[in-house]
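K.L.:
Dropping a structure here in structure tokens format, bear with me for questions.
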Amino acid sequence: MTTGATTDIREASDAGLVVGEDGLARPVWASKDLMLREYYDGEWGLPVRDERGLFERLSLEAFQSGLSWAIILRKRPAFRAAFADFDPDAVAAFDDRDVERLLGDAGIVRNRAKILATIGNARATIALRDQGGLAEFIWSFQPEVTPQPRTLDEIPSRSPESVAAAQALRSQGFSFVGPTTVFALMEAVGIVDTHLIGSHRRGTSGVWSAG
């Protein structure tokens, strides 16, 4: 199921980049679906440094585990409605009735373990405020250098920093925060830049240079 394929695909390179009629190069995954292209162009990899924004993305990455990101992105409005716009204070107050409500909500991914993890992670997010907060905690694992992939095969799925961050988050009471999930979060919020060299988005976060 897609939101409709784009029709401006003009050229695919060996690196996995596609140049559209607008002259912009994007990875293949962001070139065949309008929703994914808009997400890639306007959000993915841009810095997120606020508590609610990071809690939302951490929650969505956890729900994505074992699924495609496109599924989660299409369900994002429903997730926001179901989880009080990812307000940690509101989600932390969810009780058994809310869990049953969420399990009956066809608009989201109805996985009990992931729902309970999201509620638990909201409570852990609140507890982290005494240590500077979730944003400061996660951004403290920013590496000194970022990957410089020229092909899709060169993009890592984890890093020493994501392993360390996952371990630290678990020690603070978070769950569904394995090294791969945390690395995906780090990509999504600009902590690392894994845009392919040659992509029009490479180096646009303001955190890392294009080189």
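The values are calculated or read from the model by the stated rules, or taken from the named source; none is laboratory data. If you're wondering where the values come from, they're calculated on a predicted model, not measured in any experiment. For neighbour counting, all protein chains shown are included, and Cβ atoms are generated from backbone atoms with ideal geometry for every residue, glycine included. What goes into the accessible areas is simple: the full protein's heavy atoms, side chains included, and nothing from ligands, DNA or RNA. Shrake-Rupley method; radii C 1.70, N 1.55, O 1.52, S 1.80 Å.
K.L.:
Got a sec? What order do Arg202, Arg158, Arg52 fall in by accessible area at 1.4 Å, biggest, i.e. largest, first?
P.N.:
Numbers: Arg202 15, Arg158 120, Arg52 100 Å².
Ranked from most to least accessible, the order is Arg158, Arg52, Arg202.
K.L.:
Keeping all protein chains in position, work out how much accessible area Ser209 exposes to a 1.4 Å probe, and write it in Å² to the nearest 10.
P.N.:
The value for Ser209 is about 80 Å².
K.L.:
Give, as ranges by residue number, the residues of the stretch 120-138 whose backbone N falls under 16 Å from the point 7 Å along Cα→Cβ of Asp89.
P.N.:
Flagged as within label range: 122-130, 133-134.
K.L.:
Using C-alpha positions alone, give me the convex hull volume of the stretch 62-149 per residue in cubic angstrom. Display every interim value, and only then the final one.
P.N.:
On the way: hull volume 10.1 nm³, N = 88.
Considering the Cα atoms of the stretch 62-149, their hull volume per residue is 115 Å³.
K.L.:
Mind giving me the FRET efficiency for Ala127 and Ala106? R0 is 41 Å, r the Cβ-Cβ distance, nearest 0.05 is fine.
P.N.:
Working: r = 32 Å, r/R0 = 0.78.
Efficiency, rounded to the nearest 0.05: 0.80.
K.L.:
Probe 1.4 Å, all protein chains in place: accessible area of Lys114 in Å², nearest 10?
P.N.:
20 Å²
K.L.:
Compute the FRET efficiency between Val145 and Arg52 as 1/(1 + (r/R0)^6), taking r as their Cβ-Cβ distance and R0 = 35 Å, and round to the nearest 0.05.
P.N.:
Calculated transfer efficiency: 0.75.
K.L.:
What's the local net charge at Arg201, with K and R +1, D and E -1, over the other residues with C-beta under 15 Å away?
P.N.:
Around Arg201, the surrounding residues sum to -2.
K.L.:
Could you give the length gained by full extension between Leu67 and Leu34, i.e. 0.36 nm per residue of separation minus their alpha carbon distance, to one decimal place?
P.N.:
On the way: separation 33, 0.36 × 33 = 11.88 nm, distance 1.92 nm.
Result: 10.0 nm gained on full extension.
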